[in-house]
1. Do you know which residues across region 134-146 are in contact (Cβ under 8 Å) with a residue 60 or more places away in the chain and within 25 Å of the chain's Cα centre (by Cα)?
2. Exactly one of these conditions fails for residue 195: (1) out of contact with any strand residue (DSSP E or B) (no Cβ under 8 Å at 6 or more places or on another chain); (2) buried (at least 19 other Cβ atoms within 10 Å of the Cβ); (3) at pLDDT below 95. Give me its number.
3. Filter region 99-126 down to residues that are under 27 Å from the mean Cα position of the chain (by Cα) and at pLDDT below 95 and give me whichever is farthest from residue 212 (Cα to Cα).
4. Could you go through region 110-120 and let me know if any residue there is outside any strand (DSSP E or B), under 12 Å from residue 155 (Cβ atoms) and either in contact with a strand residue (DSSP E or B) (Cβ under 7 Å, 6 or more places away or on another chain) or outside the structural domain of residue 210 (by TED's automatic domain parsing) (or both).
5. Restricting to region 135-151, give me the number of residues that are within 13 Å of residue 213 (Cα to Cα) and surrounded by fewer than 21 Cβ atoms within 10 Å (Cβ to Cβ).
6. Can you tell which of 222, 203 is assigned by TED's automatic domain parsing to the domain that holds residue 166, surrounded by fewer than 21 Cβ atoms within 10 Å (Cβ to Cβ), within 19 Å of residue 123 (Cα to Cα) and at pLDDT 95 or above?
7. Just a yes or no: is a residue in region 161-176 within 21 Å of residue 227 (Cα to Cα), at pLDDT below 95 and assigned to a loop (DSSP other than H, G, I, E, B)?
8. Have a look at 181, 186 and point out the one that is over 28 Å from residue 78 (Cβ atoms) and either surrounded by 14 or more Cβ atoms within 10 Å (Cβ to Cβ) or touching a strand residue (DSSP E or B) at 6+ places or on another chain (Cβ under 9 Å) (or both).
């Protein structure tokens, strides 16, 4: 009797355990399926975010390309004598390569320097600065004044020459000069404009800023820089 009772109780326990065990297995399976679904969602989200980043980068590249094309178009239409001037590459500060054009003879204080090489004369100018100067010179001409350039883009070798003159006081009048690699002439944004005429300087002081040019060296009335 006791044996039968024990066997009956054991059978009942097994019957109760099976549903519980089955339920636990089902729950574990559901958790596993949920984890897999979440993992897939995470991967999908990452893929979508990556895809969005790629699209954003592509959009930025398109905008940059459009900006460059627009800038080139402006340079062709608003550069006057520089619109069809031959472009060339020249190294400036930090070994950076700049696109330059020869300064037009009409814009040179010494027109004969137009035929010299850029290592012998600062007779080139970056395209953007050339366009701005051309517009400013045209405006000054309407006021009966002629703007000319003494010095434009400057190579490191040329800047070294001026620096040596400044240190030794034996050439170039010993005029102030920046250390090689630090002058904005080597970035193509600085111009030394002929201000021997007080009328020219006064006009520049009043109007140059309209065309993006400002004085940056208090002791040099002739030094003007293009700001972008």
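The values are calculated or read from the model by the stated rules, or taken from the named source; none is laboratory data. Quick caveat: nothing in here was measured; it's all calculated off a predicted structure. All Cβ positions, glycine included, derive from the backbone under ideal geometry; neighbour counts span all protein chains shown.
1. Hits for region 134-146 are 135, 136.
2. Among (1) out of contact with any strand residue (DSSP E or B) (no Cβ under 8 Å at 6 or more places or on another chain); (2) buried (at least 19 other Cβ atoms within 10 Å of the Cβ); (3) at pLDDT below 95, the lone unmet condition for residue 195 is (3).
3. Restricting to residues being under 27 Å from the mean Cα position of the chain (by Cα) and at pLDDT below 95, the top hit is 119.
4. yes
5. Total meeting the criteria: 1.
6. 222
7. Start the filter on region 161-176 by keeping residues that are within 21 Å of residue 227 (Cα to Cα), which leaves none.
No - not one qualifying residue is present in region 161-176.
8. 181
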